[in-house]
Amino acid sequence: MSIRYRLNRMFFTSGRCLTVAADHGIHGDMEMLRGLEEMKTIIPSIISAGADAIHLTPGTAHILQEVAGRTKPALVLRADSTNVYGPRPSTPYCRLIGDAVDEGLRFDAACIIVNLLDLPDQPGLKAECIDNINKLRSECDRTAMPLMVMPLPMKLGSAGGYVADNALDRLIPLARMAAELGADVIESDPPEHLSDFHKVVKAAGVPVLARGGSKVPDDELMKRTQEVVKQGASGIVYGRNVIQHADPRKMTVALLALIHANASPEQALKILKG
């Protein structure tokens, strides 16, 4: 059995994928939880909008999979939990959930996702992530379960916690490391200059989905989305920019037009406001 069989459920006939990340609750940070308080409301909204895939955890995946029918997002199951979001932790960690690949099989996931974190002065955390990936890779090979890796370089922010570091010279080697460790798909932050994103895509050598990160204004999000697709992204993974929007369903529909129908940012905004 090929891993491609499961990935075919994620990637639209355009060859691209719009994924909504709704797995933030597993990390235990209040700000990231905003918008996800009522999962039994948000998941049906994303289903009705027609998203290609959705990131969920073992505790919420059943809400998606209990919905009958074929036209619903493919499940990307979160396989780990970390405490690097929010206030700076005294001891950063990234722990795998138990039997992650078997959980993915039980929930009929199309893919599982795991972190590759790189924090200043925290080499042990990066090593822990590498161990997690190595463990999952062998189990994924055994079961033909695709493995998505999220390489995330971080730095200390002005508020004292860790924030994403979009420096190109950190994004490229970490994306390549994820691919070398066996990632079938990579979820990466775009670099500070979006026109450089093709360099990350080229270095990875496997499909790269652009991570959304912090919430930004709607017009900026549409322009960014168009640019990362132009730079070779195989799609997007947006969490807070969808979940924390006033109308997550309309935002999803607008982004789908950008990703699959090559709508302009202006056209996508009209869909969002219409």
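The values are calculated or read from the model by the stated rules, or taken from the named source; none is laboratory data. Fair warning: this is a prediction, and the values are worked out from it, not measured in the lab. Using ideal geometry, Cβ is built from the backbone for each residue, glycine included, and neighbour counts are taken over all protein chains shown. Ligands, DNA and RNA are stripped out before the accessible areas are found, and what is left, the full protein with its side chains, is counted by its heavy atoms. Shrake-Rupley method; radii C 1.70, N 1.55, O 1.52, S 1.80 Å.
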Inset, instruction - Assign one of three labels to the stretch 229-274, namely rounded, prolate or oblate, based on the Cα gyration tensor with a ≥ b ≥ c the square roots of its eigenvalues; rounded applies when a/c is under 1.5, prolate when it is not and a/b is larger than b/c, and oblate otherwise. - result: oblate
Inset, instruction - Give me the distance in nm between label points sitting 7 Å out from Cα along the Cα-to-Cβ direction at A261 and A167, one decimal. - result: 4.2 nm
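Any idea what the relative contact order of the stretch 5-109 is, in percent, if you count C-alpha pairs under 8 Å spaced at least 6 apart?
Result for the stretch 5-109 is 26 percent.
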Inset, instruction - Please report the relative contact order for the chain, taking Cα pairs under 8 Å with a sequence separation of at least 6, and give it as a percent rounded to a whole number. - result: 19 percent
Inset, instruction - Report the residue, chosen from V84, V67, V237, that carries the largest GNM mean-square fluctuation when the chain is represented by alpha-carbon nodes joined by springs under 10 Å. - result: V67
Legend entry - Extension gain (nm, one decimal) between A246 and E37, 0.36 nm per residue minus Cα-Cα: 73.8 nm
Inset, instruction - Quick one: which residues, 5 or more positions from M150 or on another chain, have an amide H under 5 Å from its amide H? H modelled 1.01 Å from N in the peptide plane, none for Pro or chain starts. - result: V114, N115, L116, E187
Legend entry - Given 12 as the ceiling on other Cβ atoms within 10 Å, longest exposed-site-free region of the chain for GluC sites (Glu not before Pro) in DSSP loops: 67-191
Inset, instruction - Return, for the Cα atoms of the stretch 158-209, the radius of gyration and Dmax in Å, separated by a comma. - result: 11.5, 35
Legend entry - the stretch 207-274, relative contact order in percent, only Cα pairs under 8 angstrom and at least six apart counted: 36 percent
Inset, instruction - Quote the accessible area belonging to F12 in square angstrom, nearest 10, computed with a 1.4 Å probe and with ligands, DNA and RNA left uncounted. - result: 100 Å²
Legend entry - Given charges at beta-carbon only (K, R positive; D, E negative), |dipole| of the chain in Debye: 640 debye
Legend entry - Over 24 Å [Cα-Cα, the chain], rounded percent: 45 percent
Legend entry - ³J(HN,Hα), Karplus 6.51/-1.76/1.60, whole Hz, each residue of the stretch 257-262, x for Gly, Pro: 5, 5, 6, 9, 10, 6
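Rounded to the nearest percent, how much of the accessible area of the stretch 135-190 (1.4 Å probe, protein heavy atoms only) is carbon and sulfur?
Taking all protein chains in place, the stretch 135-190 shows 53 percent carbon and sulfur surface.
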Inset, instruction - At 0.36 nm per residue, minus the direct Cα-Cα distance, what do A127 and L156 gain on full extension? Give it in nm, one decimal, please. - result: 8.5 nm
Legend entry - Rounded to the nearest 20 debye, dipole of the stretch 65-167 from Cβ charges on Lys, Arg, Asp, Glu: 200 debye
Legend entry - Per-residue ³J(HN,Hα) for the stretch 121-128, Karplus 6.51 cos²θ - 1.76 cosθ + 1.60, θ = phi - 60°, Hz, x for Gly and Pro: 6, 10, x, x, 5, 4, 4, 4
Inset, instruction - Using the Karplus curve 6.51 cos²θ - 1.76 cosθ + 1.60 with θ = phi - 60°, work out ³J(HN,Hα) for each residue of the stretch 188-199 in order, rounded to whole Hz, and write x for Gly and Pro. - result: 10, 5, x, x, 3, 9, 4, 5, 8, 4, 4, 5
Legend entry - Estimated 222 nm signal from helices in the chain, with DSSP H stretches of n ≥ 4 weighted -39500 (n - 2.57), rounded to 500: -12000 deg cm²/dmol
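I'd like the carbon and sulfur percentage of the solvent accessible area for the stretch 1-108, probe radius 1.4 Å, heavy atoms only, ligands and nucleic acids excluded. Walk me through the intermediate numbers first.
Working: 2680 of 5150 Å².
That fraction is 52 percent.
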